[in-house]
Every structure is written in C-alpha cells, then in structure tokens.
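This report refers to the structure that appears directly beneath it.
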Amino acid sequence: MNDVKERLDADLSKTNTLEKLNELKTLYMGKKGIITELTLKIKDLPNEEKREYGKSLNELKNYFNEKYDKLKEFFDMEEVRNRLKYEKVDVTLPGVNVSVGAPHILEKVVEELEELYLSMGYDVVEGPEVEKDLYNFEMLNLPKGHPARDAQDTFYIKGDEILLRSQTSPVQVRTMLANEEKTGIRIICPGKTYRRDYDDATHSHQFTQMEGLVVDKEISLSDLKGTLDIMAKKLFGEHVETRFRSSFYPFTEPSVEFDVSCFKCNKKGCNVCKETGWITIGGAGIVHPNVLRNCGYDPEKYTGFAFGFGIERIAMIKYGIDDIRVFYTNDLRSCKSFDKRGE
Ligand code: DAH
C-alpha cells in the first residue's frame, strides 16, 4: 500500500492540467484502477488482516480524494484566470439592435384622452361593435325612416335589426339602461365604428370615435363648453379656444358642433385650418329628453350633455397626417414615424 501512495505522490507532482488529473482519477479509482484493485483483494485476505488492511485502504482513498479536490479547484480557478486574461470585451463593437414595439398613434391619442377624462372623474366604458338597431338609432331618438339615418350609411348584418355600430353613441344608451338606481353618469366611450363609405384620404369604412356622456342634476351647456375647452387645451395647447356652432343631432337639443381655434396659426388662417382660423372637432349637445326617458331617466330631474368626435381626425390634425389610410395600411415606416410624433 505504501508503494501505491508513493507512486500516487509522484504522479500527482507531475500533474499540471485538469485533463491529466482526470486521467489520474481513472488510473487509480476507475473500474480497473489501482486502488479499486486493492479493494477487491480484501476478500482473499485472512480475517485478522482484513481490518488493518481496510483501514489503510480507506486512508489511501481519502488521501486521493483530498488531493484530487484541491487540484481540481486549483485548475478550475486557473481556467477562470486565463479567460480573464485573454478574453476581453470589445466595447467598440456595434451593439445588437433590439427593435421594440410601440402603441399605434390612434391608441396614443385615445390613451391621452382617457387619462384626461379619468382625472376628471369619468369612467371609461366600452360597448359592442356589433350592435342592435334599437341602441344605435331607435333609442337615440332616430326611429326607422328618420332622414338623419341616411348620414350614417350603415352596415346591416342581420335584417334591419343587427348592424355594425355607426357611432359610439349606443354606449350612452347601454350605460343609462344598466344604471338601475338611475344615478349620475360620467363616461367616455372610445371604440371602433363603421360606415359604408368609400375609402379615400379623409374617409374610412372603419374609424374610431370617442363618445362622452354626463348625466346629473342641473347640467348645462356651459358645463359642456368648459369640458371641451379643457380637452382642446390638453390636445392642442393652452393657447387654443373653443367655439360652438349650432347644429342638429336627433339625440341632443340644443345641438352644436364644436371647433377649436387653429393651434398653428392662432386664427390667422393657414393650411391646417384651410384659411378659416378654426378646426371642427365633433358634435355635442344637451341630451334630448326623449333619450333620457327612453333609458329610464326622468328629464324633469336629470339633464345631461353628450359629445362625440373622431380620433383619426384629431390625430391627423395634431400630427400633420394628410391621409387617413396611413393609420390602417400597416406600413412599418409610417408606424415608426408615428412613434416619434407621438412623443
Ligand atoms: N354620434 C355623432 C356622430 O357620429 C357624434 C355626436 C354628436 C355624438 C352629438 C354625441 C352628440 O353624443 O351629442 O356623428
């Protein structure tokens, strides 16, 4: 056994790589290794020698394992040291370009408006795009055959009862109906809308609207004006003004169209406002008593205002986009340019 230990020491002293160390392990501890063979010999020894022999053998094994572990750790560390020495990070190499997505510009405008209205205590409510004629028209004071329906050339899906909503106004109806206690309401409803238009630079058969509805006691036209004024300033800058022009919608009385003073020329006249100094944003008014009544609200107790406008139009004006189709053609180049403009 002592010879073996001497030989092992000699071998270990010559071991200068991890590879060689592992070869040594096979040589001594492998299936047919020197120490393994010594172990097999135990069974042929007379009983009285077995104990002493076994003890020395264990010591030898432990000796080997200890040496092995120490050397292995040393070689491992050496490898790390070598790597640190020779592998260097070249900070001048060009980096890998990771492309990240960003919200679409229409989404950005919607989010900006949602943030504003949420801060004023409104809820954001959504409704279905496949809608009943009843909610899209009838309960909004637009019975069948009403001439104002023609202005919203509608996609009907099933007979004349189910359609693709032509406006977000049906969400007003749904919200009022769902409010069982008939308490006050403050909502905005963004979403997709559809009309049978031919697509061109300013028309799209599918577009985005945002509806607003406030129902409470003693709501007046001046509340509406103040609200739209805040919105216009948020969208286009503190310097813009708003104005109402009288208009007609079957679901409001009185009805108005609201304009903002041109944020670019400050009412002097330019290409953005088509030399008029003003830009039309959407429609609005005081909720018609018939609509309140249809939805279970007593028009003697409650009044409300409502408004609706197109998100595409706002995005086009705000970011100087002159063709509505760029929102939908999924051209990555325009999407990327939106990213920058939306910042
Ligand atoms: N729904 C109208 C449209 O699509 C916009 C509108 C006008 C909504 C007046 C309203 C409103 O809530 O009061 O043209």
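Could you check the range 284-341 and list, in sequence order, the residues that are within 16 Å of the ligand (Cβ to nearest atom) and farther than 30 Å from MET176 by Cβ?
If the condition is that a residue be within 16 Å of the ligand (Cβ to nearest atom) and farther than 30 Å from MET176 by Cβ, then ILE324 is the only one that fits.
Wholly within the range 281-343, which helices (runs of 4 or more DSSP H) include no fewer than the required count, namely at least 1 residues that are within 26 Å of VAL125 (Cα to Cα) and open to solvent by 10 Å² or more (accessible area, probe 1.4 Å)? Write out each step before concluding.
Values: elements: 289-294, 311-319, 332-341.
Result: 289-294, 311-319.
If I go through the range 240-254 residue by residue, how many of them are part of a loop (DSSP other than H, G, I, E, B) and either open to solvent by 90 Å² or more (accessible area, probe 1.4 Å) or touching a Ser or Thr at 6+ places or on another chain (Cβ under 8 Å) (or both)?
Going through the range 240-254 one residue at a time, the tally reaches 3.
Just the residues that are assigned to a loop (DSSP other than H, G, I, E, B) and away from the ligand (no atom under 14 Å from the Cβ), please, taken from the range 206-239. Can you show your working first?
First, pick out the residues of the range 206-239 that are assigned to a loop (DSSP other than H, G, I, E, B): 217-220, 237-239.
Selection gives LYS217, GLU218, SER220, GLY237, GLU238, HIS239.
Inside the range 54-67, can you point out the residues that are within 15 Å of GLU6 (Cα to Cα) and open to solvent by 100 Å² or more (accessible area, probe 1.4 Å)?
Scanning the range 54-67 gives a single hit, GLU59.
Every residue in the range 138-157 that is at pLDDT below 90 and more than 13 Å from the ligand (Cβ to nearest atom), please. Full working, then the answer.
Of the residues in the range 138-157, the ones at pLDDT below 90 are 147-152.
Matches in the range 138-157: PRO147 only.
Considering the range 1-53 alone, what residues qualify as being among the hydroxyl-bearing types (Ser, Thr, Tyr), under 20 Å from LYS72 (Cβ atoms) and surrounded by 10 or more Cβ atoms within 10 Å (Cβ to Cβ)?
Keep residues of the range 1-53 that are among the hydroxyl-bearing types (Ser, Thr, Tyr), which gives 13, 15, 17, 26, 28, 36, 39, 53.
The next check asks that each one be under 20 Å from LYS72 (Cβ atoms); those that pass are 13, 15, 17, 26, 28, 36.
Correct list: THR15, THR17, THR26, TYR28, THR36.
Looking only at strands (runs of 3 or more DSSP E) that lie completely in the range 115-191, which have at least 2 residues being open to solvent by 60 Å² or more (accessible area, probe 1.4 Å)? Let's see the steps before the verdict.
Values: elements: 130-132, 156-158, 162-164.
In the range 115-191, the matching strands (runs of 3 or more DSSP E) lie at 130-132, 156-158.
The values are calculated or read from the model by the stated rules, or taken from the named source; none is laboratory data. Quantities reported herein were computed from a predicted structural model and do not represent experimental measurements. Every residue, glycine as well, gets a Cβ built from its backbone with ideal geometry; the counts of neighbours run over all protein chains shown. With ligands, DNA and RNA removed, areas are computed over all heavy atoms of the protein, side chains included. Shrake-Rupley method; radii C 1.70, N 1.55, O 1.52, S 1.80 Å.
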